[in-house]
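Engineer: First the structure, then my questions, so here it is.
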Amino acid sequence: MKASDLFVRALEAEGVEYVFGIPGEENLDMLESLRGSKIQLILTRHEQAAGFMAATYGRLTGKSGVCLATLGPGATNLVTAAAYAQLGGMPMVMITGQKPIKSSKQGQFQIINIVDMMRPLTKYTKTIVGGDYVPAYVREAFRLSEEERPGATHLEFPEDIAREHSAMPVLDISYQRRPIAEEKAIRKAAEAIASSRKPLLLIGAGANRKLTSKMLRKFVEKLGIPAITTQMGKGVIDESGPHFIGNTALSDGDFIHRTIEQADLIINVGHDVVEKPPFFMRPGGPEVVHINFNAAQVDPVYFPQIEVIGDIANSLWQLQEHLEPQEHWSFSDAHRIRAALQKHIEEGSSADTFPIRPQRLVRDVREVMPEKGVIALDNGMFKIWFARNYPAYFPNTVLLDNALATMGAGLPSAMAAKLVCPDRRVVAICGDGGFMMNSQEIETAVRLKLDLIVLILRDDAYGMIKWKQSMMGLKNFGLDFTNPDFVAYAKSYGAEGHRIQATDELKPMIEKCCREGGVHLIEVPMDYSHNDRILNHEIKDLASKL
């Protein structure tokens, strides 16, 4: 069997549904092998977008997303996506081509050391140096990609090796149960929780697994312990429930941080220091119980006193068996803070001024999205507002990246979400800056006949950096730009384009686009002029009085 055929057979054995990417001449044998496979090739317009789609597929399914690129510039274009998957804990396997390694007549043309380039960005990177290595290397790439903590792996497949013949069989896939926490660690954590006065749950990205979410919801329902989430932990528990306090969208000074300050013990489930820290540990501060698949990465701001290492869902089940609600637990402060936070979130959400304010935008989007509808957020100023103000009811219904926090991922992530969840309403929410970084993928979405809505939040600037610039007391400089006519731009790709001209047009427009189907871009002019007053001053002032 030709090695490229063997490679595709190995991908089929791993349950691969899609390969996202752009082939080059070094991948042509692989492409021919894919042609006869049940695996669907999703041809994108940029390798970075292919990587974002593969990573999001991994995030949503727990199975490795696969992306394909050629050598040289095709491979280098996967670098940002590799970091996105690696930092975000998303399983992804990258396949890149290479010139013949046994006899090449093209010297060093287009050749760079991709394996060394990928090494600091992946869990595993290898060049396949013979056809007989294909089954083992593919199995190892998928195993390590999906093993906790998930991340990116990479295989380089030279074109002469792809043409070799091999009699090696595809390897059987062995599914292993994750290790569970030792009983002593469970008992110690349970004793600390039971003896605390004001315990607080903090839920991070590592808890964003189906079974973990189920166990966390039972844990909270039984014990009534208040819960907060990181940005990437949104939706792990039902954020409309009475025990959910809020999201750590801002770095500090928000209402939610008053809850952290008043807690005497934080039960930190699934968070690690790759995510933007939701709190800083200080000597004399609350005790921290670290519950995760892996031991804590000790950091100047994070050094937990108790660690429960093993399958998170099982750890929560064991803890729940050891614990009962305690009479001395006091949650009145947390619930008082929750009420104040909800009141503040409501303020401004009814403003009908135009351009639209972010509070109103978030409210209107929430009202038109079904409970299991998916919003995919690019990176920008609006991400803070959605993390803070948008209640998520189910895991992975708010796709955002607060690990690498890259721009340009919103549209590709939404496209992957629609492929994985074809029956759900999916909306990409992008700033004008982030959208234009991968806007060419509108053609891909149209070609795939996706039903997809893209909100382009236009403020004609890199708004988050302008906000930071203002925070530092610096003058506005170097961050403003002009935009194309987004309505005409959408139509040039075969999509539908719309522009709202009054705030109350947004909800009806989204509903109209959903009814019509297809790909729709909606330009939404934004008013961010209140960011500094609200986020930098008003919130901190109100929170300090709680």
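Engineer: Given a cut-off of 21 Å, name the pairs among K466/K491; K449/K512; K214/K372; K449/K507 whose C-alpha atoms lie farther apart than that in the structure shown.
Structural biologist: Beyond 21 Å between Cα atoms: K466/K491; K449/K507.
Engineer: Pull up all non-local amide H partners of Y124: gap of 5 or more, or a different chain, and H-to-H distance under 5 Å with H placed in the peptide plane.
Structural biologist: Hits under the 5 Å cutoff: H154.
Engineer: Quick one: L200, L223, fewest Cβ neighbours within 10 Å first, how do they rank?
Structural biologist: L223, L200
Engineer: I've got another one for you. Using Cβ contacts closer than 10 Å as the measure, can you line up K38, K2 from fewest to most?
Structural biologist: If I rank by nearby Cβ atoms, fewest first, I get K38, K2.
Engineer: Enter the angle in degrees (range 0 to 90, nearest 10) between the Cα long axis of helix 3-13 and the first principal axis of the Cα atoms of the chain, meaning the one along which they spread out most.
Structural biologist: Roughly 30 degrees between the two axes.
Engineer: Now for a different question. Just round it to a whole percent: the fraction of Cα-Cα distances in segment 183-339 exceeding 21 Å.
Structural biologist: Details: 4430 of 12246 pairs.
For segment 183-339, the fraction of Cα-Cα distances above 21 Å is 36 percent.
Engineer: When the Debye formula is applied to the Cα atoms of segment 347-537, each taken as the same point scatterer, what base-10 log of I(q)/I(0) results at q = 0.09, 0.16 Å⁻¹?
Structural biologist: Values returned for q = 0.09, 0.16 Å⁻¹ are -0.29, -0.98.
Engineer: Over 33 Å, how big is the tail of the calculated P(r) for the chain, in percent of all Cα pairs?
Structural biologist: 44
Engineer: So, one more: If each residue's Cβ is checked for other Cβ atoms within 10 Å, how do T406, T248 rank with the fewest at the top?
Structural biologist: In order of increasing Cβ crowding within 10 Å: T406, T248.
Engineer: Is segment 79-167 best put as rounded, prolate or oblate by its Cα gyration tensor, with a ≥ b ≥ c the root eigenvalues, rounded for a/c under 1.5, and otherwise prolate when a/b is larger than b/c, oblate when not?
Structural biologist: Taking the square roots of the gyration eigenvalues as a ≥ b ≥ c, segment 79-167 is oblate.
Engineer: log10 I(q)/I(0), Debye, Cα-only segment 3-163, no solvent, q = 0.16, 0.19 Å⁻¹?
Structural biologist: Debye output, listed in q order: -0.78, -1.14.
Engineer: Another question, then. Using the alpha-carbon atoms, what tilt in degrees (0 to 90, nearest 10) does helix 183-195 show relative to the longest principal axis of the chain?
Structural biologist: 30
Engineer: Between helix 47-61 and the chain, what is the angle of the helix's C-alpha long axis to the longest principal axis, kept within 0 to 90° and rounded to the nearest 10?
Structural biologist: Approximately 60 degrees, to the nearest ten.
Engineer: Show which aspartates and glutamates lie in cross-link reach of K2 when reach means a straight Cα distance below 18 angstrom and same-chain residues fewer than eight apart are skipped.
Structural biologist: Of all the aspartates and glutamates, those that pass the test against K2 - Cα under 18 Å, at least 8 places apart if same chain - are E12, E25, E26, D29, E32, D132, E156, E159, D160, E164.
Engineer: Calculate, in nm to one decimal, what K276 and D299 gain on full extension: separation in residues at 0.36 nm each, minus their alpha carbon distance.
Structural biologist: 7.0 nm
Quick note: the coordinates plus some simple rules give every number you see, no bench work behind them. As the structure is a computational prediction, the values presented were derived from the model and not from experiment. Glycine gets a Cβ as well: all are built from the backbone with ideal geometry, and neighbour counts include every protein chain shown.
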